[in-house]
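Note sheet for the following structure.
The values are calculated or read from the model by the stated rules, or taken from the named source; none is laboratory data. None of these values were measured; they are calculated from a predicted model. Cβ placement follows ideal geometry from the backbone for every residue including glycine, while neighbour counts extend to all protein chains displayed.
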């Protein structure tokens with residue numbers, strides 16, 4: 001698999017486990033980027049200094065992918081379960097495996113942009129954002 005696998009298990013309000021693989025991206029642009037949480041600032045003396053959190057920059061993903069209608073429905077169900085658990089203050093995180101570029105990443109992420117769906121001649125284009133937690 002040269003793509004992204006996303007998994008989530010419902011914590012409240014019933015049962016449900018989802019595991020979806022996204023492989024057919026709509027552009028040549030890689031979905032993974034850095035969150036860009038560091039920046040250059042001027043000190044009181046006028047010299048440049050880096051500021052930002054004292055850990056490595058987190059990853060973010062912008063996913064635009066062609067999937068079947070059933071996969072789009074699965075993603076919608078996953079998001080609804082994730083959002084329901086989030087609304088109750090639970091510590092929600094999806095398992096994410098990213099094999100799109102460089103070494104495989106296996107980490108946790110949450111939705112930063114909810115899924116949007118577009119009909120595409122027998123398939124569905126899904127677009128959503130994730131952020132490493």
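The table below gives the values:
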item	result
Test: residue in segment 88-110 that is touching a strand residue (DSSP E or B) at 6+ places or on another chain (Cβ under 9 Å) and more than 17 Å from residue 31 (Cβ to Cβ)	yes
Output for segment 50-67, where each listed residue is at pLDDT below 95 and assigned to a strand (DSSP E or B)	50, 51
Failed item in (1) in contact (Cβ under 8 Å) with a residue 60 or more places away in the chain; (2) over 16 Å from residue 7 (Cα atoms); (3) loosely packed, with under 15 Cβ neighbours inside 10 Å; (4) within 13 Å of the chain's Cα centre (by Cα), with residue 95 passing the rest	(2)
Matching strands (runs of 3 or more DSSP E) fully within segment 1-49 where at least 1 residues are in contact (Cβ under 8 Å) with a residue 40 or more places away in the chain and closer than 26 Å to residue 88 by Cβ	4-9, 17-22
Residue count, segment 29-40 (criterion: surrounded by 10 or more Cβ atoms within 10 Å (Cβ to Cβ) and more than 25 Å from residue 102 (Cα to Cα))	0
